[in-house]
Amino acid sequence: MSPNTSPADPATATEARSAAEHYAAAEALFTRAREIYPTLSSRAVDQDEYRRCFDWARMHLRLAEAITAGVSLVLAHRELLANPDVRLHDTYISAETRHWNEFIGAQNSTTGRPA
């Protein structure tokens with residue numbers, strides 16, 4: 001099994017990843033699936049490994065998309081806050097961006113604290 005297929009070590013499974021790292025992990029899994037395909041047999045073990053590559057790649061892509069969407073939301077909110085002509089009352093977006101800011105800050109923290 002490829003080391004990128006599933007988390008092998010629980011200690012490393014909690015490390016924060018950026019969207020780019022999730023995209024790279026998905027690409028590595030797609031590459032692994034392409035390598036498996038020419039020799040794919042009808043054995044359940046082979047089929048499971050091939051399917052597992054796609055399942056984990058899909059998960060990595062969804063996480064990368066969620067992170068990208070969250071960052072876009074934070075940037076849009078900051079632009080609105082910087083514009084004095086826009087009045088933002090205590091909107092739901094403020095609460096949502098606060099969580100994204102905490103998540104992004106934890107990923108970029110130099111303390112080594114995982115997100």
Checking rank on 98-105, 77-84, with mean other Cβ inside 10 Å and highest first, the result is 98-105, 77-84
Dividing the alpha-carbon Rg of the range 19-110 by 2.2 N^0.38 Å yields what?
1.60
For the range 19-110, give the percent of accessible area contributed by carbon and sulfur heavy atoms, probe 1.4 Å, rounded to a whole number.
57
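The values are calculated or read from the model by the stated rules, or taken from the named source; none is laboratory data. No experiment lies behind these values; they were computed from the predicted model shown. With ideal geometry, Cβ positions are generated from the backbone for all residues, glycine too; neighbour counts draw on all protein chains shown. Ligands, DNA and RNA are stripped out before the accessible areas are found, and what is left, the full protein with its side chains, is counted by its heavy atoms. Shrake-Rupley method; radii C 1.70, N 1.55, O 1.52, S 1.80 Å.
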